[in-house]
Structure formats: C-alpha cells, structure tokens
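Colleague: I'd like to ask some things about the structure below.
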Amino acid sequence: MDLNTLWFILIAVLFIGFFFLEGFDYGVGVLLPFLGRTDDERRVLINSIGPVWDGNEVWLITAGGAIFAAFPNWYATLFSGFYLALALMLVALIVRGVSFEFRSSDDGVIWRKTWDWLLFGGSLVTALLWGVAVADLVHGVPINAAMQYAGSFWDLLSLYSLTGGLALLSLFIYHGALYLSLKTETPLVERAQGAAKVTGIVTILLVLVFALLTYVQTDLFTRGGAGFVLILSALALILSYAAARRGRSGWAFVLNALTVLFLTASVFWGLFPRVMVSSLRPQWSLTIYNAASSPYTLKIMTMVALILVPFVLLYQGWTYWVFRRRVSSKNLHY
Amino acid sequence: MSELILARLQFGITTAYHFLFVPLTLGLSVLVAIMETRYVRTGDETYKKMTQFWGKLFLSNFAMGVVTGLVQEFQFGMNWSEYSRFMGDIFGAPLAIEALLAFFIESTFLGVWVFGLDRLPKKVHALTIWLVAIASNLSALWILIANSFMQEPVGYVLRHGRAEMSSFWAVVTNPHVFYQFPHTVLSGFTTAGFFVLGVSAYHLLRHRYQDLFRRSFRLAVIFALVSVLATTAIGHLQGQYLVRTQPMAMAAAEAQWQTENPAGFSVVAAIDQRTETNPMDVKVPGMLSFLSHNSFRGQVTGIKEIQAADVQKYGPGNYIPPVAPMFWSFRVMVLIGVWLVLAALLAAWFSRKKGSLEGRTRFLKALVWTVPLPYIANFTGWYMAETGRQPWIVYGLQKTASAVSPSVSAGEVLTTLILFTLVYGVLAVADGYLLLKYIRRGPEETVNDQSGKGMERGASLWT
C-alpha cells in the first residue's frame, strides 16, 4: 500500500470518527426543542453533549487539515466548488457553536429560546448539508480538465443529493435519540426512546431509498465491495432499530455506530482511488495521485500522524470515561 | 469590485475578527491556569473564585475564537484555491499538525476542565487548564510556522508548477518564526495582562471584591510587564530582521522613498504614493539608521531602489505596498507599545505596597481605558505583516492576484462576505453584551444556578 492510499484511508477514518461523534451532537441539537419541555430539561440535553461536542468537532477540522496537507487539489477543488454550500455550513456551525456558550450566559426567556432555535437550526442545516455533500461526492460533479468546478450552486442539488441529505439528517437524529437514551434519566430517557422509535423507521426508509438511488444513479455498486458495505450499513440500521424497539438502547447505539461506519466506508470505497468524481469526463476526476502532495510531504505527515493519533484516541476515550454517567438536572454547566 | 478585492476584504475581515479572540485566549489561559494552581497549592477560596470569574470570561472568548477559527480552516480552499494548489504541499502540513497536536488537546481538555470539577482530583483538574493553555500556544506556533513561510519561503523547491517541501526541518526552523512567534504570543500575553488589569481596576475603583481584584491585579501586573517588555524588545529585533529579509515592507512602514545614509526617522509625514514623495515630513536625523543598524550612520534602502531591484528580479510590475497605511499602522502600534510599557511600569510601582493602589483613581481609570489598546496594536501589527508583503501572497513566489479561486465569481464572494460580516456583527453584539455583563457583575453572580442546588455536587466550576 502506498502513502497516497494510506492517507485516503486515514481521511476516511477521520470522517467516520467525525460522523459517529458529531452525528449524535447534531441529533441532540435537532431534538432539543422537541424533547426538552422545560428549561431544565433542555439544559440536561445540552449538557449531555456539553463536555464533548467541541472535541468532536475537531475531527472535522483535522479532516480538513489532512485533506489540505495530503491532497491539496482535493481541498482546493472541493471547497471552491462547493462554495456557497460550504459558506452556509460554516455559518450554521458558527451559530451552533456559540449557542452552547451564549445560551447559558443569560436567563432571559427570549434569549434562551433564540439560542435554542439557533442550536436546532445550526445542527439541522449542517447535518443536511453533509448528506448533500456526501451524495454529490458519490454521484460526481462537473469538474473540468483544469480540476476546476464548472457548475453552480444549483448543480449540487438534485433528487439524489437531497435524498442523501435527508437520509443523513435522519440518521443523525436517530443517532442522537439513541445517545440520549443512554445519557439521560426519567422522563427524558423515555422521550428519547420514543423519538428513536419514530426516527428509526423514517431513517430506514430514507436510507433504503438512498441505497436504491445510489444503485440506479451512481457507479458505487460496480466498485468492489462498496455496494456490499452499503447494504451492510442498511442491515446494521435495521438491527439497531429492532434493538431500539425492544428498549435495548445500548445495543441499538452500537449497531447504529456500525451503520455510520459502514455508510462512510462504503462512500470512500466507492470513490477510491478517486477523491472527486468528474461528471463531465471520467479522466478529469481527481484521484489520490493527481490531487496529492509530494511523496516527501506524505512521508512527513505519515510519521506525524502515527505519533499523534494514538494519543488523541487515548485521551478522547478517557474523557468519555470521565463523563460516562447519565446527566441529571443536578449537575449542569450550560 | 473585482473578485480579488472582495476575496482580500473577506480574508481581512474574517481574520482580523478571529484575531480579536485569539490573543486573549493565549494569555488568559495561562493566567487562569496560574490562579487555579495557586488554589490547589494554598486551598485559598479567593483563588478559586478568581479562577471562576476569569475562567468564565475566558470561556466565552474561547468559544468565539473556536467558531471563527472554522472559517479560517476552510477559506483558503474557498477563496484561494490557486494558493492552496500552489502551496498545499507546504502549507497544509502545519495546519494539519496544528489540528492534530493542538486543537484536539485544547478542545478535549477544555471540556474536561469545564465539566470535570467534581469528577477529578483537584490537581488533575488544574492540569487540564494547563494543557489547554499549552495547546493554545502550540497552535499559535504551528499557524505562525505556516505564515512565516508566506513571509519568508524556506525549505522548498519549485517543481510540478508548485512549491514542494524539500526540508520539513527548514520549514519548522524558519528564522522568521523565531521573531514572529514570540512577538505574537507575547503580545497575546500583554493583551490578557492588560485585560485583567483593566477589569480589576474597574472593580477596585468601585471598592468591590477588593481582595480578589487586588490579587488579580498583582498577578497581572507582573505578567503584563514582563510580556510587554519582551514584546517590544523582540519587535525591535524583528524590525531589524525584516529590513534584511523584507526590505520593501519596512521601507514602506517608514515611508522611506529614497535611499539615504544616514537616514532620519519620520515622526509624522504626509505621504503621496502617486508621486512617490512625502510633501511634509518631520524627521529625527539619523534615527532610522540607528533603529535599522544600531548605528547613527548606515544606509537605509529606499522604496524606489527596492522597486527597481524587484523589477530586475521578478520582472515588470508594481512591488510597492500601500505606503501611508503601513506608515501609520506602524506608528500606532509603536505608540501603543510605548504607553503599555509605561502603564505596566506605573502599575507595578503603584501596586508594590498594600493599599497604595486604590488611591490612584486617575491611573486606575486610565487602565480601564487601556484595555482596547493592545487589540488595536495587534490589528495594526498583523495589518503590517500581511499588507507589507503585497503584491505577494507568498513572498517572491506567488502573487496575491494569481491565488484567488477561478471557479468562484465576484458575486459569490460578495454574498459570503455579506453573510459572514452580518453573522460576525450580530455575534460581536451578543458577545460584547455578555462580556460587559459579567465584568460589571463581578465574581459572585457569575454562577449560573437557577435551581438553587449548591456547589457540593456541582459538575463544573459554575454550576
């Protein structure tokens, strides 16, 4: 395996980590106005992700940095191409990020309501846009011979990409509901379990439609085991839902983690060795070779990553251990 | 307006805005860590309250720094795709390392620090804020390594139509870093020092929480004094270094059109970029030679001569940055630096004995009004660094004009420019409101506790 492949895998791993961890953060954000009926309850919901959401978001920042370092042309084409969508996502992330801190800093009713809804909206928009972006990556976008995006904002929106957006949004909400089933106490835990049952069935439908459209509209099922892994993802989701129905939230969460893992892995496998598919001509696609940094830089970055990543996993794991208990209204920060 | 101007404007606005929060984070994280360490060592509740009060201010500032930093991470690709292609092989590495090494530690342990008070031994809890402080400053190191390459490219070869890294070690040990990193970080410490001094002065003037703010003041005064002295000293050396490595930037900052020996230092001047003259110029004879070479005799090369040399070296073009803004930014920065040194010395002198500080009401009032000044100095300093390099985005290698994204239209840049500016404006109002509220309230009422459940089972410092 060459270093280009290694970095492709590493970036896939970063996205798996990001979708798995920030996925439930987005889900909790979207569920906030529906599950939390009193201010105290909403505080519990926010505090369930309070200690970890910022660290989870660094997975995205690191993925961005890793793409820049290992595949500069990917970084350049993707972010200048998905321009307005990315700007929208950044605004959503900014609004969402400050909501955590600002909400708790004043106890005016309107003030808190405002930040609650901004937290909701920011989480919803971000999750939706991630789904759209992922679907567009799988489907391919107009990229010309000069590696430049040759479409407009509207070219990013299609039946397929919007289905992908809704599917990922729904998956994250379901993920968040399962997370809350594990992290809260009565009465929130019952409400979270109820939400998991509702969103679970919606998610299954959306993911199945998305998989079907992927089969019809993209080449993913022709690329090695990518299609098989996508089916595994749907299977894990169905099993997770079955567990959720029986009130086995722990199993449901673990199985849904597998759903996220398989889904992301399938997307990256389907792309490989391309990083951005050109819908104009296959040979204009960006690959892990024509988009890559020099072998020297890849070597340096590999050494850096091998040294640092284990520590990151270790201490982030430790924080989840420190905050393993369920959150009650007795101990809140936000 | 062209895409280039709009993209530059957007970078300027978003980056200057981001850097409103960074310097305070760099310094205040260290100060809060010192406060908590003292609490752990002495068990003195006042130190705990200090940690809580300043920690709360630190947190809302930190949150703003984090979210505005997101834009920083992605806008190189958005507006500057050709820069990213040309420089990615070198520039991406420090950015990725910054995230892996610094951002993860910062964000993860800040979460632990905020929520972990009752779940961790006191010493471990104090350790987490130290990790946040160290990681914040480490992140500054890596981003400045990246910026230093733009100021002074080292350890690269031009190959495949781009700059490729030939020596990671050379990039990391870029001599430019040795000036830029301490100057930036210490000005951050200075910002935080004067922030604490100003807020403490505000409360001392009102005779509230005297013990707590007197202690805060005495801690901050040492911190600010050492930092501001070191910042100015390094700034001076940095200026001399830039005379050698980026002569155009320094000549522009001095509005020195002609080569002179000895050269005088312009205190004020009227500058006409079109005719390349200063119609009015008040000079201290020989002073610029002295500042540049530590000797009252010594040649200082002027803008015109450097322009001619650059044309020889890089081909036809205008290599002169906007001179008047450079000139005035430099003077504003230096003037603020002088006042900060003076203010830190006075503050140290007035606070040396117990009880001697409170009577100095005029000086305390001046300190309150000094709080914004380091921010202005930070801005003007960065303005000089980034504008003085123009027309280059990477000095001598790539021009800013050829770095923008070809696939992005001026209309699109304008759209996002308006979007970011609006959002940033609203956040500035909200953050300013909260900061002022917390500062005015003082330490007791920062506690966010409506439920009436006390500290004993509190999850965090603020429950």
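The values are calculated or read from the model by the stated rules, or taken from the named source; none is laboratory data. Just so it is clear, the model here is predicted, and its values are computed rather than measured. Cβ atoms come from the backbone with ideal geometry, glycine included; neighbour counts cover every protein chain shown. Surface areas here come from the heavy atoms of the whole protein model, side chains and all, with no ligands, DNA or RNA. Shrake-Rupley method; radii C 1.70, N 1.55, O 1.52, S 1.80 Å.
Colleague: Does residue B:96 meet the test of being crowded, with 20+ Cβ neighbours inside 10 Å and either at the interface with another protein chain (Cβ under 8 Å from one of its Cβ atoms) or more than 25 Å from residue B:138 (Cα to Cα) (or both)?
Modeller: Criteria met by residue B:96.
Colleague: Looking at (1) under 21 Å from residue A:91 (Cα atoms); (2) in contact with a Ser or Thr (Cβ under 7 Å, 6 or more places away or on another chain), which is the one condition that is false for residue B:374?
Modeller: With respect to (1) under 21 Å from residue A:91 (Cα atoms); (2) in contact with a Ser or Thr (Cβ under 7 Å, 6 or more places away or on another chain), residue B:374 is out only on (1).
Let's see how each residue does on (1) free of Cβ contacts under 8 Å to residues at least 24 places away in the same chain; (2) aromatic (Phe, Trp, Tyr); (3) within 17 Å of residue A:268 (Cβ to Cβ):
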position	(1), (2), (3)
A:202	no, no, no
A:206	no, no, no
A:213	no, no, no
A:231	yes, no, yes
A:239	yes, no, no
A:242	yes, no, no
A:246	yes, no, no
A:251	yes, yes, no
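Colleague: In the range B:97-128, how many residues are in contact (Cβ under 8 Å) with a residue 12 or more places away in the chain, of a type outside the set (Gly, Ala, Ser) and over 28 Å from residue A:66 (Cβ atoms)?
Modeller: Final tally of qualifying residues: 7.
Colleague: Which condition number in (1) more than 27 Å from residue B:398 (Cα to Cα); (2) open to solvent by 30 Å² or more (accessible area, probe 1.4 Å) is the one that residue B:224 fails?
Modeller: For residue B:224, the failing item is (2).
Colleague: Which residue, of A:245, A:281, is touching a helix residue (DSSP H, G or I) at 6+ places or on another chain (Cβ under 8 Å), open to solvent by 10 Å² or more (accessible area, probe 1.4 Å) and of a type outside the set (Val, Ile, Thr)?
Modeller: So the residue among A:245, A:281 that is touching a helix residue (DSSP H, G or I) at 6+ places or on another chain (Cβ under 8 Å), open to solvent by 10 Å² or more (accessible area, probe 1.4 Å) and of a type outside the set (Val, Ile, Thr) is A:245.
Colleague: Right, another one. Taking the criterion of being open to solvent by 70 Å² or more (accessible area, probe 1.4 Å), in a loop (DSSP other than H, G, I, E, B) and at pLDDT 90 or above, would at least one residue in the range B:283-292 satisfy it?
Modeller: Within the range B:283-292 (the criterion being open to solvent by 70 Å² or more (accessible area, probe 1.4 Å), in a loop (DSSP other than H, G, I, E, B) and at pLDDT 90 or above), the answer is no, since none of the residues qualifies.
Colleague: Looking only at the range A:72-106, filter to residues that are at the interface with chain B (Cβ under 8 Å from one of its Cβ atoms) and not in a helix (DSSP H, G or I); which one of those is most open to solvent (accessible area, probe 1.4 Å)?
Modeller: Among residues in the range A:72-106 that are at the interface with chain B (Cβ under 8 Å from one of its Cβ atoms) and not in a helix (DSSP H, G or I), the one most open to solvent (accessible area, probe 1.4 Å) is A:106.
Colleague: Continuing with the same structure: Of the residues B:264, B:188, B:239, which is at pLDDT below 95 and either under 26 Å from the mean Cα position of the chain (by Cα) or farther than 25 Å from residue B:298 by Cβ (or both)? Steps first, answer last, please.
Modeller: Numbers: B:264 fails: either under 26 Å from the mean Cα position of the chain (by Cα) or farther than 25 Å from residue B:298 by Cβ (or both); B:188 fails: at pLDDT below 95.
Residue meeting the stated conditions: B:239.
Colleague: Filter the range B:244-268 down to residues that are surrounded by fewer than 20 Cβ atoms within 10 Å (Cβ to Cβ) and of a type in the set (A, V, I, L, M), then give me how many there are. Give the steps one after another, and end with the answer.
Modeller: Of the range B:244-268, the ones surrounded by fewer than 20 Cβ atoms within 10 Å (Cβ to Cβ) are B:244-245, B:258-262, B:264-265, B:267-268.
Cutting the leftovers down to of a type in the set (A, V, I, L, M) gives us B:267-268.
The number of residues fulfilling the criteria is 2.
Colleague: Next question. Tell me, yes or no, whether the range B:320-330 has at least one residue that is β-branched (Val, Ile, Thr) and within 27 Å of the chain's Cα centre (by Cα).
Modeller: Of all residues in the range B:320-330, those β-branched (Val, Ile, Thr) come to B:320, B:323.
Narrowing the set further to residues that are within 27 Å of the chain's Cα centre (by Cα) leaves B:320, B:323.
Within the range B:320-330 (the criterion being β-branched (Val, Ile, Thr) and within 27 Å of the chain's Cα centre (by Cα)), the answer is yes, since at least one residue qualifies.
Colleague: For the range B:144-170, which residues satisfy the criterion of being among the aromatic types (Phe, Trp, Tyr) and open to solvent by less than 10 Å² (accessible area, probe 1.4 Å)?
Modeller: Residue satisfying the conditions is B:149 alone.
For every residue, the table says whether it meets (1) open to solvent by 10 Å² or more (accessible area, probe 1.4 Å); (2) in contact with a strand residue (DSSP E or B) (Cβ under 7 Å, 6 or more places away or on another chain); (3) at positive phi; (4) within 11 Å of another protein chain (Cβ to nearest Cβ).
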residue	(1), (2), (3), (4)
B:3	yes, no, no, no
B:15	yes, no, no, no
B:19	yes, no, no, no
B:24	no, no, no, no
B:30	yes, no, no, no
B:37	yes, no, no, no
B:42	yes, no, no, no
B:59	no, no, no, yes
B:68	no, no, no, yes
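Colleague: For residue B:119, indicate whether it is assigned by TED's automatic domain parsing to the domain that holds residue B:14, in contact with a helix residue (DSSP H, G or I) (Cβ under 6 Å, 6 or more places away or on another chain) and outside any helix (DSSP H, G or I). Steps first, answer last, please.
Modeller: On the way: assigned by TED's automatic domain parsing to the domain that holds residue B:14: yes; in contact with a helix residue (DSSP H, G or I) (Cβ under 6 Å, 6 or more places away or on another chain): yes; outside any helix (DSSP H, G or I): yes.
Taking the combined requirement at face value, the residue satisfies it.
Colleague: Please state which one of A:109, A:30 is within 22 Å of residue A:261 (Cα to Cα) and more than 7 Å from every other protein chain (Cβ to nearest Cβ).
Modeller: Unique residue meeting the criteria: A:30.
Colleague: Could you grab me the full set of residues in the range A:33-42 that are more than 17 Å from residue A:127 (Cα to Cα) and more than 9 Å from chain B (Cβ to nearest Cβ)?
Modeller: Passing the criteria: A:34, A:35, A:36, A:37, A:38, A:41, A:42.
Colleague: Just one of (1) of a type outside the set (Asp, Glu); (2) closer than 20 Å to residue A:17 by Cα; (3) modelled with pLDDT of 95 or more trips up residue A:318, so point out which.
Modeller: Of the numbered conditions (1) of a type outside the set (Asp, Glu); (2) closer than 20 Å to residue A:17 by Cα; (3) modelled with pLDDT of 95 or more, the odd one out for residue A:318 is (3).
Colleague: Now for a separate question. Quick check on the range A:131-148. Is at least one of its residues within 10 Å of chain B (Cβ to nearest Cβ), surrounded by 23 or more Cβ atoms within 10 Å (Cβ to Cβ) and over 20 Å from residue B:409 (Cα atoms)?
Modeller: For the range A:131-148, residues within 10 Å of chain B (Cβ to nearest Cβ), surrounded by 23 or more Cβ atoms within 10 Å (Cβ to Cβ) and over 20 Å from residue B:409 (Cα atoms): absent.
Colleague: Any idea which of A:320, A:289 is open to solvent by 80 Å² or more (accessible area, probe 1.4 Å) and within 14 Å of chain B (Cβ to nearest Cβ)?
Modeller: Just a single option satisfies the conditions, and that option is A:289.
Colleague: Just give me the residues in the range B:129-140 being free of Cβ contacts under 8 Å to residues at least 60 places away in the same chain and of a type in the set (A, V, I, L, M, F, W, C), in sequence order.
Modeller: First pass over the range B:129-140, keeping only residues free of Cβ contacts under 8 Å to residues at least 60 places away in the same chain: B:131, B:134-135, B:138-139.
Matches in the range B:129-140: B:131, B:134, B:135, B:138.
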